[in-house]
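This report concerns only the one structure given below.
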Ligand code: SF4
Ligand code: SF4
Ligand code: FES
């Protein structure tokens, strides 16, 4: 095999044999084979060693591994046997989703992501709805951060997946977005707030397009 032709790995997922290039994550292999695993923080460019594993949604079980693991951080191995829909996996995914929803303003009818929202898709897949019980819902204030000259940021729609920050960084034009704050107060912020960000941000919309929810909205175009 040459570098241009990676070794192909065979693995079994939910009793189906699939193939994936060596070095792929279990998540990438499953998604490429049309086996859906809920996920929010994964980019196609992610390798298992550098996936941030922030959303804690993509759990699977693997034969020979004691606990469920995040599919985005595990590399495929020859003969690996993966289960994507066990009770333990579903319990973890439902808990992760409810924790996200416990800090989320669920107001879909007034959200630009309505009917194109990853949270809605995952909730429907898991059959949970968009409630957060038994967790209490706690929201941030203010509802909108309007400081960016081209974007409005809605912290209570943000799942802190980091995709906006990462796609902005990947463009290599200077990072305009970053996480700010800690713990519950973590939000997406802007380098230089109004002035520097205004000059450097070319309004490419990569961050808006990457956002799996309605947390980033272009000021001049409310519709995404
Ligand atoms: S981000 Fe998704 S779940 Fe939240 S309000 Fe918007 S459409 Fe509804
Ligand atoms: S603004 Fe969107 S893309 Fe950025 S961290 Fe929040 S949910 Fe993720
Ligand atoms: S996609 Fe694996 S933890 Fe988010």
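Please treat every number below as a calculation from the coordinates, not as lab data. Since the structure is predicted, the reported quantities are computational estimates derived from the model, not experimental observations. Cβ coordinates were reconstructed from backbone atoms using ideal geometry, including for glycine residues, and neighbour counts include every protein chain displayed.
Here are some notes:
- Principal semi-axes in Å for the stretch 1-92 [√(5λ), Cα gyration tensor, largest first]: 20, 16, 11
- On the basis of the beta-carbon distance and an R0 of 41 Å, residue 138 and residue 4 show a calculated FRET efficiency of 0.20.
- Highest average packing first - 102-114, 153-165, Cβ atoms within 10 Å: 153-165, 102-114
- FRET efficiency for residue 17 and residue 170, using Cβ-Cβ distance with R0 set to 35 Å, rounded to 0.05: 0.55
- Packing, taken as the mean count of other beta carbons within 10 Å per residue, orders the peptides 131-142, 85-96 from highest to lowest as 85-96, 131-142.
- In the chain, the inverse of the mean reciprocal separation of distinct Cα atoms equals 18.8 Å; this is its Kirkwood hydrodynamic radius.
- With the helix formula -39500 (n - 2.57) applied to DSSP H stretches of n ≥ 4, the chain reaches a computed 222 nm mean residue ellipticity of -6500 deg cm²/dmol.
- Cβ-based exposure ranking for 8, 13, in which fewest neighbours within 10 Å come first: 8, 13
- Those residues of the stretch 73-102 whose amide nitrogen sits under 16 Å from the label point placed on residue 186, 7 Å along Cα→Cβ: 96-102
- Translational diffusion of the stretch 151-218 was estimated from the Stokes-Einstein equation, with Rh taken as the Kirkwood radius over Cα pairs; at 10 °C and 1.306 mPa s the coefficient is 132 µm²/s.
- Euclidean distance of C-alpha centroids, the stretch 120-147 and the stretch 16-86, integer Å: 25 Å
- In the chain, Cα pairs under 8 Å separated by at least six residues give a relative contact order of 17 percent.
- Highest average packing first - 174-184, 52-62, Cβ atoms within 10 Å: 52-62, 174-184
- The value of relative contact order for the stretch 8-83, using C-alpha pairs under 8 Å at least six residues apart, is 40 percent.
- Principal-axis tilt of helix 87-101 within the chain, Cα atoms, nearest 10 degrees: 10 degrees
- Kirkwood-type radius of the stretch 81-197, with distances r between different C-alpha atoms, in Å: 16.0 Å
- The order of 5, 204, 117, going from fewest to most other C-beta atoms within 10 Å of their C-beta, is 5, 204, 117.
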